[in-house]
Amino acid sequence: MKKINIAIDGPASSGKSTVAKILANDYGFIYTDTGAMYRSVTLMAIKAGVAFTDEDALVQLIHENAISFKQTDQGQLVFINDNNVTEDIRQPEVTNNVSEVSAHEAVRRELVKKQQEIAKASGVVMDGRDIGTAVLPNAEVKIFLVASVVERAERRYKENQSKGIMTDFQTLKEEIEHRDLLDSTRKISPLKKAADAELLDTTGMTIQQVVTSIKEIVEKKL
Ligand code: C5P
């Protein structure tokens with residue numbers, strides 16, 4: 001099968017990673033969760049006591065620590081050096097501070113470099129906020145997923161419950177709205193649909209319906 005790059009962007013909890021994982025698995029492509037990379041830097045900062053405002057120190061953390069992904073039977077795991085941080089990077093303390101960390105130009109420059117390196121050989125499904133606009137502007141397929149904030153909060157609420165993370169629904173909804181606002185109004189590579197991306201509103205759609213819609217677009221490029 002021809003190898004292409006698929007960029008999937010959208011706001012928080014719009015279903016990007018669920019759909020991206022299925023597509024990567026079905027096409028035998030590599031799945032790259034770029035949000036996990038920004039979350040990992042945020043976790044490093046918390047552990048090292050580095051302020052989220054300290055751009056130079058955040059870049060230093062990226063240089064001193066290796067973020068990696070490992071494919072296993074339980075799905076994709078995220079590591080900082082030898083530590084499995086897959087669950088730690090989903091904790092509220094990380095989620096509520098990651099937008100401040102990801103707004104720094106130098107932090108983005110470092111992580112975008114790594115993301116472009118991963119996608120160089122093609123055959124990658126990458127999800128994030130700026131994949132279609134900044135990381136992979138030449139991706140063969142670009143999708144921008146949206147869904148109502150209530151539905152996105154419901155999805156995240158159920159996901160958190162299944163992982164044993166206790167959160168109040170209203171708080172979760174406000175946190176999602178706040179994170180979207182920060183991500184879409186930051187100066188560098190804000191969350192934005194690329195001009196040539198396909199907009200897909202997944203409100204009321206099942207995961208399978210979303211996957212089928214994207215596959216119709218992908219298969220024209222294969
Ligand atoms: O996708 P996820 O919700 O895990 O992303 C966490 C955060 O990482 C986002 O809210 C955003 O601040 C940042 N991010 C980004 N650019 C990306 C992916 C994520 O700024 N490509």
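Worth a mention:
- For the set T212, T34, solvent exposure ranked by accessible area (probe 1.4 Å, protein chains only) runs largest to smallest as T212, T34.
- Remark: region 71-200 carries a charge dipole of roughly 360 debye about the Cα centre, counting +1 on each Lys and Arg Cβ and -1 on each Asp and Glu Cβ.
- A simple spin-label model places the labels of M1 and L182 3.6 nm from each other, with each point 7 Å out along Cα-to-Cβ.
- For the listed peptides 157-168, 182-193, 141-152, a ranking on the average number of other beta carbons within 10 Å per residue, highest first, reads 141-152, 182-193, 157-168.
- Residues of region 93-115 with amide N under 13 Å of a point placed 7 Å along Cα→Cβ from A48: 107
- Dividing the helix sum by the residues of the chain, where each DSSP H run of 4 or more adds -39500 (n - 2.57), gives a mean residue ellipticity at 222 nm of -14500 deg cm²/dmol.
- Cα pair distances exceeding 28 angstrom across the chain, given as percent: 25 percent
- Within the accessible area of region 5-209 (1.4 Å probe), percent carbon and sulfur: 50 percent
- Residue-span extension gain [Q161 to F69] - 0.36 nm each, minus C-alpha spacing: 30.7 nm
- Here the spin labels are modelled as points 7 Å beyond Cα on the Cα-Cβ line, and at Q209 and E105 they lie 4.3 nm apart.
- Of V149, A12, T133, farthest towards positive along the dipole that unit charges on Lys, Arg, Asp, Glu beta carbons give region 5-209: T133
- Choice from R129, R156, R39 showing the highest fluctuation, given a GNM over the chain with Cα pairs closer than 10 Å: R156
- The chain - percent relative contact order, Cα under 8 Å, separation 6 or more: 34 percent
- Förster-model FRET efficiency, 35 Å R0, D56 and D168, C-beta, rounded to 0.05: 0.45
- Projecting the Cα positions of Q209, G123, T167 onto the charge dipole of the chain (unit charges on Cβ atoms of Lys, Arg, Asp and Glu, taken about the Cα centre) puts G123 furthest along the positive direction.
- Using R0 = 22 Å, the C-beta based FRET efficiency linking E87 and I118 works out to 0.45.
- Charges were assigned to the Cβ only: +1 to each Lys and Arg, -1 to each Asp and Glu. The resulting dipole of the chain about its Cα centre is roughly 600 debye.
The values are calculated or read from the model by the stated rules, or taken from the named source; none is laboratory data. Just so it is clear, the structure is predicted and the values come from calculations on it, not from any experiment. Cβ coordinates were reconstructed from backbone atoms using ideal geometry, including for glycine residues, and neighbour counts include every protein chain displayed. These accessible areas exclude ligands, DNA and RNA; they are computed on the full protein's heavy atoms, side chains included. Shrake-Rupley method; radii C 1.70, N 1.55, O 1.52, S 1.80 Å.
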